[in-house]
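Here you go, one structure.
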Amino acid sequence: MITTTDLLALLPLIVLSAVAVIVMLAIAVHRNHRLAFLLTVAGILISLITVPLVSDLVPRLITPLVLVDRYALVFTVMAYAAGLVAAVLCWEYFRVREGHQEEVYLLILTALLGAGVLAAAHHFASFFLGLEILSVSLFALIAYPLREIRALEAGIKYLVLSGVASAFLLFGMALVYAETGTMEFAVLGGRPGTFPSVIGTILILVAVGFKLSLVPFHLWTADVYQGAPAPITALLATVSKGSVFILLLRYGLESGVFRVPVVSVLLALIAVVSMLVGNFLALRQNNVKRILAYSSIGHMGYLLVAPVAANVVGGNLAAEALLVYLAAYFAMTLAAFGVVTVMSPADREAEELDDYTGLFWTRPWLATVFSVALLSLAGIPLTAGFIGKFYLFAAGSQGALWMLLGALIIGSGLGLYYYIRIVFQMAQAPAALQARPEARPVGAHLVLAILLLLIFGLGVYPAPFIDLLHPEINVPKQSAAQQ
Amino acid sequence: MLNYLGLIPLFPLIGFLILVASQGNMPRRWVPWIGAGSVGLSAVLAALVGIEFLSGSLEPYRQTLWTWMRVGHFASGFSLYLDALSLNMMFVVTGVGFLIHVYSVGFMADDAGYARFFAYMNLFVFAMLVLVLADNLVLLYLGWEGVGLCSYLLIGFWYENPENGAAARKAFVMTRVGDTAMAIGLFLLFARLGTLDIQALLNRASAAWPVGSGMAALAALLLLGGAVGKSAQLPLQTWLPDAMAGPTPISALIHAATMVTAGVYLIARTHTLFELAPAVLQLVAAVGAVTLLIAGFTALTQRDIKRILAYSTISQIGYMFLALGVTAFSSAIFHLTTHAYFKALLFLAAGAVIHSYHHEHDIFRMGGLRKRLPIAFWSFVIGSAALTALPFTSGYFSKHEILASAFHAENGFWFWAAGTLGALLTGIYSFRLVFIAFFGPENERASEHLGFAMSVPLILLGALALLGGFVSMPLGSVFPRSEPGELGLIAGIFTDLAPLVGVGIAVLLYLLRTYPVEALTETRWGDMLHRFWFSGWGFDWLYGKLLVNPFRWLAAVNSSDIADDIYRGIAAASQYAHRAFAATQTGQLRWYVAAFTGGTVLAIALGILS
């Protein structure tokens, strides 16, 4: 039975759905890019405001499907904020391009909805639903510039591979269900140690690994990152991967699969190869979007330290490390793709390394933001990326995961090379003075300034952010009592 | 008022940021207002904070600005700590620092890098304030490295001349040797005591380690390594004379008044730790005594006006180390303070001479400047009198305290004798400079055009050098109370007379030329000794033979480096790995699906096999 309080606790998701419907109707009645954009921004802002209102009601289990707790709410805020940034970038990006632009906001809203559901998912059904809401929105978003062959190609690739992954996921869930008779994470607690359900669990992790572009399920990453419009890539890199990671940690902790030895060995292996392969792939790459794609593979590998360490250090520290790193990763990734978006002229995207030659002389502000984002991605102290990495290190060393930390150090060393390479490129003398584009993307610059402040703020004075992030991930007892 | 403490380092930082952000495009007449004004604001605020602190109970005041990170047991915060010791240092840094900034407004007025100069100076003052106000050793180390960086930047300020760059590098590398020891010391302290918060650390050290324990000695020794590097004491003293390549206000601020005394501050700050290691304290005193003599003898023979002052700085810091070594901590800090007054005065006066005299540094090409440069002359007389510790100048009080404390310490007679001999030498070399440069026949025309900005700081510092000895900080609240004992009649007479005798010798040798000094230096032994002392006791030669040349030889032999092969190998392997992995990125969907499925099969196989 759903009570009024339950509905209130779901307010962030309900409001966002309502906004999606309103935007859809608005597009049907009056096609206007500005209107759709403003409605979306206002809608996301209202949804964000509801989060502090409901934060007193949590943790709350609403039907066996959804568990709204601090952990979910913190990530919801991050995802919505990232969606807001992506919307602003889309406005700047699509406004100078041809074609219908309005539906992109609708799709961003539904993608955020999927991410919100995933963050609160507590059951295989809501897991699958959230993932599909998110993925289907992304298919359309990636292939949104219909007349561009590369975008279409990227969309098809993502669609087909996602389909394969979803098939694995469903089959894995079925295997687990066949063995245990339940689809609730918490009820699985400690039981998935037997044969068919271990295979099922591995299949579920394979699907998750695909979404997170972990090695060896990573091959799509660079092509899709490159083909998708830059603001959509930003959304894909942050919201999609972040929400799946949030889900992975909750699923693992509540169902106890991290305690199954073969699963933790598998995760550790995947983490190590992801850190190494991702960074190696980025090493001599000359396409900025591909560099960021490969580096994201490495970053997802680093992040995997948190779930692997969770067995030893406990769920709370793992969740805190995960959220801190994700917050930093969101800020720096969005800033990097934001610069790519602003740099792109109307007819193409500024994705080659040569496009950035001498940026410090021609457009110093963008070069500064990009450098800070890259240095933060490299984990230089006094930036957010350093604090995030420090957390992972603390979790990893408390969990005595020396192999993982070794790979993390090697990966970071490699990362420094290709991040600094971009900074060098920007510091070189410009080849020829390029004409500045006429459009002055004020909104994007504002967003970049805020992200820059966040990267420094998290790096220099992280304490208040970390207090806000303090997740208090739920322990399965509560639902056990309901049984 | 006390809670404004955090603003004091902030002003110079803001000044630095403004000057840097303007990228040299700021109108020239604004630069001094920001550069010197920021430090002036700090000085005023420091005075207000100081008055409130001194009128209170002298209880230490802590201000945590924020916690940088806290993970596990390690917490590192931006927190400041104010007691009489750090207040004393803060006064010196902001007060003397401000006067030097004002002086620089005039001195650097024609320099192309005007804004850059003030930017570095402001950054230096910020870092120095962080160093003296830090409540934990991490923050102190930040300031410590910050002042080192600024010292490097400012020694090489006129970077067009490669010699200046070399001097800057030498200073940086030499101090780095000490800093490495200090960093190891910090790691050791954290590993053993579990904190780097200075007060907690000292408490835990005295609880955990008995007096004379090996671990305390090791930790103190490592910190001493950092201190001798920064303060240019034996055996790391050779960088300071070369550091005179920087503009003269830099020599006054960094290489006389503040940064080089950071080592003294460090030992005073962690004196509890050093008291647990009496053997190390004896070493500190011995280092000080030997350094002050070596530097004193060297100063006798130098010709460059700034190098004379540089060696005298090394020598005076030797006195401070001597005082620290005999646990007369407050005397050391007292001497640090008076030394800041009179040495800044001397350097600024030297700057005035150089400024008025076509950038001439050689005192033997000067002469008879007394009439032409009256302000510089009187500044030099006052400064030299205080340096020599003539009665009732500021230097007299502080040096007398040190010698009296040394006399009563263990092995005190020898320390006292070294100090007294040093005082004699100080008298000779200080007034040798004054007599040669300012008296005698006029060699060349020079005219004093100092302007308001340069003369006012000279006059104020002159007053401080004369009278600064009558005021002292209540350092008894920080250090264990130790009254400098009475010297007794004979020792007292020796102590008081030594500087006067020194001045007398200088009068005979250089002013009246009753016994011309050439008679001494032209004998065979005298000439050898002269050259030996002139080279700074051959330390540069020795280090060259012992360290630099073998290193160069090794580098030459190994020019296609074995060690490099490792790195080249890593780079090649990385590139190979990159190519190998990049080959998997075919862009073909069927291959992607196959790889995906293959990966899944592997994962399932792992599940079945386990």
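The values are calculated or read from the model by the stated rules, or taken from the named source; none is laboratory data. Everything quoted here is computed from the prediction, not taken from an experiment. Ideal geometry is used to build each Cβ from the backbone, glycine not excepted, and the neighbour counts take in all protein chains shown.
For region B:237-258, which residues satisfy the criterion of being crowded, with 24+ Cβ neighbours inside 10 Å and outside any helix (DSSP H, G or I)?
If the condition is that a residue be crowded, with 24+ Cβ neighbours inside 10 Å and outside any helix (DSSP H, G or I), then B:237, B:246, B:258 are the ones that fit.
Across region B:543-562, what is the total count of residues that are part of a helix (DSSP H, G or I) and not aliphatic (A, V, I, L, M)?
Counting residues in region B:543-562 that are part of a helix (DSSP H, G or I) and not aliphatic (A, V, I, L, M) gives 8.
So, one more: Among the residues of region B:304-361, how many are outside any helix (DSSP H, G or I) and surrounded by 24 or more Cβ atoms within 10 Å (Cβ to Cβ)?
From region B:304-361, those outside any helix (DSSP H, G or I) are B:304, B:326-328, B:357-361; that's our starting set.
Of the ones still in play, those that are also surrounded by 24 or more Cβ atoms within 10 Å (Cβ to Cβ) are B:326, B:328.
Of the residues in region B:304-361, 2 are outside any helix (DSSP H, G or I) and surrounded by 24 or more Cβ atoms within 10 Å (Cβ to Cβ).
Now, a different point. Can you tell me which of (1) touching a residue at least 40 places away in the same chain (Cβ under 8 Å); (2) surrounded by 24 or more Cβ atoms within 10 Å (Cβ to Cβ) is the one residue A:287 doesn't meet?
Among (1) touching a residue at least 40 places away in the same chain (Cβ under 8 Å); (2) surrounded by 24 or more Cβ atoms within 10 Å (Cβ to Cβ), residue A:287 violates only (2).
Go through region A:158-181 residue by residue and tally those that are out of contact with any Pro (no Cβ under 9 Å at 6 or more places or on another chain) and more than 13 Å from chain B (Cβ to nearest Cβ).
Qualifying residue count, region A:158-181: 5.
Among the residues of region B:1-32, write down those that are over 21 Å from residue B:150 (Cβ atoms) and either within 23 Å of the chain's Cα centre (by Cα) or surrounded by fewer than 18 Cβ atoms within 10 Å (Cβ to Cβ) (or both). Lay out the reasoning, then the answer.
Kept after step one, since they are over 21 Å from residue B:150 (Cβ atoms), are these residues of region B:1-32: B:1-5, B:25, B:27-30.
Matches in region B:1-32: B:1, B:2, B:3, B:4, B:25, B:27, B:28, B:29, B:30.
When you scan region B:78-95, do you find a residue that is within 14 Å of another protein chain (Cβ to nearest Cβ), touching a residue at least 40 places away in the same chain (Cβ under 8 Å), of a type outside the set (A, V, I, L, M, F, W, C) and under 30 Å from residue A:470 (Cβ atoms), even just one?
Checking region B:78-95: at least one residue is within 14 Å of another protein chain (Cβ to nearest Cβ), touching a residue at least 40 places away in the same chain (Cβ under 8 Å), of a type outside the set (A, V, I, L, M, F, W, C) and under 30 Å from residue A:470 (Cβ atoms).
Give the residues of region B:175-196 that are modelled with pLDDT under 85 and among the hydrophobic types (A, V, I, L, M, F, W, C), sorted by residue number.
Answer for region B:175-196, where residues must be modelled with pLDDT under 85 and among the hydrophobic types (A, V, I, L, M, F, W, C): B:191, B:193, B:196.
In region B:186-204, what residues are crowded, with 17+ Cβ neighbours inside 10 Å, under 27 Å from the mean Cα position of the chain (by Cα) and of a type in the set (A, V, I, L, M)?
The answer is B:186, B:189, B:196, B:198, B:201, B:202.
What number of residues within region B:563-610 satisfy the criterion of being within 7 Å of another protein chain (Cβ to nearest Cβ) and assigned to a loop (DSSP other than H, G, I, E, B)?
Qualifying residue count, region B:563-610: 4.
Could you please find all residues in region A:62-81 being part of a helix (DSSP H, G or I) and in contact (Cβ under 8 Å) with a residue 40 or more places away in the chain?
If the condition is that a residue be part of a helix (DSSP H, G or I) and in contact (Cβ under 8 Å) with a residue 40 or more places away in the chain, then A:70, A:71, A:72, A:73, A:74, A:75, A:76, A:78, A:79, A:80, A:81 are the ones that fit.
If you go through region B:524-536 one residue at a time, do you hit one that is of a type in the set (Phe, Trp, Tyr), away from chain A (no Cβ under 14 Å) and in contact (Cβ under 8 Å) with a residue 40 or more places away in the chain?
Within region B:524-536, one or more residues are of a type in the set (Phe, Trp, Tyr), away from chain A (no Cβ under 14 Å) and in contact (Cβ under 8 Å) with a residue 40 or more places away in the chain.
Please go through region A:348-398 and pick out each residue that is among the small types (Gly, Ala, Ser), part of a loop (DSSP other than H, G, I, E, B) and within 14 Å of chain B (Cβ to nearest Cβ).
Scanning region A:348-398 gives a single hit, A:379.
Looking at (1) charged (D, E, K, R); (2) within 17 Å of the chain's Cα centre (by Cα); (3) at the interface with chain B (Cβ under 10 Å from one of its Cβ atoms), can you tell me which one residue A:211 breaks?
(3)
Scan region A:8-28 and give yes if some residue there is modelled with pLDDT of 90 or more, assigned to a loop (DSSP other than H, G, I, E, B) and more than 17 Å from residue A:247 (Cα to Cα), otherwise no.
Yes - at least one qualifying residue is present in region A:8-28.
Would you tally the residues in region A:395-424 being over 22 Å from the mean Cα position of the chain (by Cα) and more than 14 Å from residue A:298 (Cα to Cα)?
12
Here is a list: A:329, A:302, A:325. Which entry is touching a residue at least 12 places away in the same chain (Cβ under 8 Å) and within 14 Å of chain B (Cβ to nearest Cβ)?
On inspection, the qualifying residue turns out to be A:325.
Can you run down the residue pairs with Cβ atoms below 7 Å, 6 or more apart or on separate chains, where the first is in region B:201-214 and among the hydrophobic types (A, V, I, L, M, F, W, C) and the partner is loosely packed, with under 15 Cβ neighbours inside 10 Å?
Close Cβ pairs (under 7 Å, with a partner that is loosely packed, with under 15 Cβ neighbours inside 10 Å) do not exist here.
Residue by residue through region B:485-523, note down the ones that are at pLDDT below 80 and hydrophobic (A, V, I, L, M, F, W, C).
B:487, B:489, B:490, B:491, B:509, B:511, B:512, B:517, B:519, B:520
Okay, moving on. Do we find that residue A:451 is surrounded by 15 or more Cβ atoms within 10 Å (Cβ to Cβ), under 25 Å from residue A:246 (Cβ atoms), at pLDDT 90 or above and not polar (S, T, N, Q) in this structure?
In short, yes.
Let me ask you something else. Is there a residue in region B:415-429 that is closer than 23 Å to residue B:517 by Cα and surrounded by fewer than 19 Cβ atoms within 10 Å (Cβ to Cβ)?
Within region B:415-429 (the criterion being closer than 23 Å to residue B:517 by Cα and surrounded by fewer than 19 Cβ atoms within 10 Å (Cβ to Cβ)), the answer is yes, since at least one residue qualifies.
Which of the residues belonging to region A:268-277 are buried (at least 24 other Cβ atoms within 10 Å of the Cβ) and either more than 9 Å from chain B (Cβ to nearest Cβ) or among the basic types (Lys, Arg) (or both)?
A:271, A:274, A:275
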